[in-house]
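Structure record follows, encoded as structure tokens.
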Amino acid sequence: MTAVTEAVDRVTAVNTALAAVLDPELDRPITELGFVSSVSVGADGSVEARLRLPTYFCAPNFAWLMVEDARRELARLSWAGECTVVLEDHFASEEINQGVGGEKSFSEAFPGLADPDRMQELRAVFLRKGHLAAQTRLGKRLLERGWTHRQLADAVLGDLPERLTVTLRRRRALLGLRADVSAPLFTDNEGRAVPAAGLERHLLMGRTAGVGIGANTEFCEGLLATRYGPAGWTEVSSRREEAS
């Protein structure tokens, strides 16, 4: 392998790693949202990723989660040396960059301003919304293909092609829920199967969650395009996590 080929492969690996990082509120990878402004890999294996957000005043707790998750994903690269994630153009950039880089907690970086127990709870709340919305998108597709509520309630992940359940399985893995082939296709927040009698309401709740996520995403897309220009947004947003 030439040095050039290795460098290209490592940059690709960095982008792949960052694609595992979600905006918690928008339930989309930061790479799709255009939040990664640049990545660089040094000859010594050091990695730097620079992130940007739609506004100067985006919620600092959400920004923290994305920067922290990005640094964690980069550190998993077997060849990576020092990993640095830099949040740009944000009112709390300094606190977040220094806090995450120094492996502090959010409450340590913002003393007196944050509940130390709230961050993981916040992450779980939005993951559950994303999981619920993904179920509804999938349920809608299956109903349009003639499935009944009873069939949906009886179905397991293994009944569908893997490409249709990518998001479900990823969200369940993050939530600590079952994601094996025999796991129910439609579940509540605890991973319990949704009975046929409750499925219509379950899908309606997911639709509500999805509308909220979609509206916020559209709003943030517009803000990001206004702030940094539409060309960059269009280029990165063309990559979707999955077909479902």
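The values are calculated or read from the model by the stated rules, or taken from the named source; none is laboratory data. Keep in mind that this is a model prediction, so the values were computed, not measured. Cβ sites come from the backbone with ideal geometry, for glycine too, and all protein chains shown count toward neighbours. For accessibility, only protein heavy atoms count, side chains too; no ligands or nucleic acids. Shrake-Rupley method; radii C 1.70, N 1.55, O 1.52, S 1.80 Å.
Would you check the accessible area of Arg178, probe 1.4 Å, heavy atoms only, in square angstrom rounded to 10?
The accessible area comes out at roughly 130 Å².
What FRET efficiency would be calculated for the residue pair Glu48, Gln151, taking the C-beta separation as r and a Förster radius of 51 Å, to the nearest 0.05?
Efficiency computed from Cβ-Cβ geometry: 0.55.
Which residue, Gly146, Gly34, Gly42, has the most motion in a Gaussian network model of the chain that connects Cα atoms within less than 10 Å?
The residue with the greatest mean-square fluctuation here is Gly146.
Are there any GluC sites (Glu not before Pro) in region 71-103 that are in a DSSP loop and have at most 10 other Cβ atoms within 10 Å? List them by number. Mind dumping the intermediate values first?
Details: sites: Glu73, Glu82, Glu88, Glu94, Glu95, Glu103; in loops: Glu82, Glu88, Glu103.
Passing sites in region 71-103 are Glu103.
Need one value: the accessible area of Phe219 in square angstrom, 1.4 angstrom probe, rounded to the nearest 10.
Taking all protein chains as shown, Phe219 has close to 130 Å².
Send over a whole-number figure in Å² for the accessible area per residue of region 74-183, probe 1.4 Å.
55 Å²
In debye, nearest 20: dipole of region 1-115 around its Cα centre with unit charges on the Cβ of K, R (+) and D, E (-)?
Computed charge dipole of region 1-115: roughly 200 debye.
Based on the Kirkwood radius over alpha-carbon pairs, what is the Stokes-Einstein translational diffusion coefficient of the chain at 25 °C with 0.890 mPa s viscosity, in µm²/s?
Details: Rh = 19.4 Å.
Diffusion coefficient, whole number: 127 µm²/s.
Each residue of region 215-227 in order: what ³J(HN,Hα) in whole Hz does its phi give by Karplus 6.51 cos²θ - 1.76 cosθ + 1.60, θ = phi - 60°, with x for Gly and Pro?
Residue by residue, region 215-227 yields 5, 5, 5, 4, 4, 5, 4, x, 5, 5, 5, 5, 6 Hz.
List the residues, sorted by chain then number, that are 5 or more residues from Ser37 or on another chain and whose placed amide H is less than 5 Å from its amide H.
Sorted by chain and number, the residues that satisfy this are Arg50, Leu51, Arg52.
Taking amide H positions as placed 1.01 Å from N in the peptide plane, with prolines and chain starts having none, which residues 5 or more places from Arg28, or on another chain, fall under 5 Å of its amide H?
Close amide H contacts, sequence-distant or interchain: Asp23.
Can you compute the FRET efficiency between Phe57 and Leu174 using 1/(1 + (r/R0)^6), with r the Cβ-Cβ distance and R0 = 30 Å? Round to the nearest 0.05.
0.65
For Cys83, what residues show an amide H to amide H distance below 5 Å, using hydrogens built from the backbone and excluding near sequence neighbours?
Sorted by chain and number, the residues that satisfy this are Val47.
With +1 on each Lys and Arg Cβ and -1 on each Asp and Glu Cβ, and nothing else charged, work out how big the dipole of the chain is about its Cα centre, in Debye to the nearest 20.
The dipole magnitude comes to about 1020 debye.
Select from Ala155, Leu74, Ala124 the residue farthest towards the positive end of the dipole of region 62-180; place +1 on Cβ of Lys and Arg, -1 on Cβ of Asp and Glu, and compute about the Cα centre.
Farthest towards the positive pole: Ala155.
Assuming 0.36 nm per residue, please report the length gained on full extension of the stretch Arg207 to Asn189 beyond their Cα-Cα distance.
Here the segment from Arg207 to Asn189 would lengthen by 4.9 nm.
Which FRET efficiency value, to the nearest 0.05, do you get for Ala124 and Thr84 by plugging their Cβ-Cβ distance into 1/(1 + (r/R0)^6) with R0 = 35 Å?
FRET efficiency, Ala124 to Thr84: 0.80.
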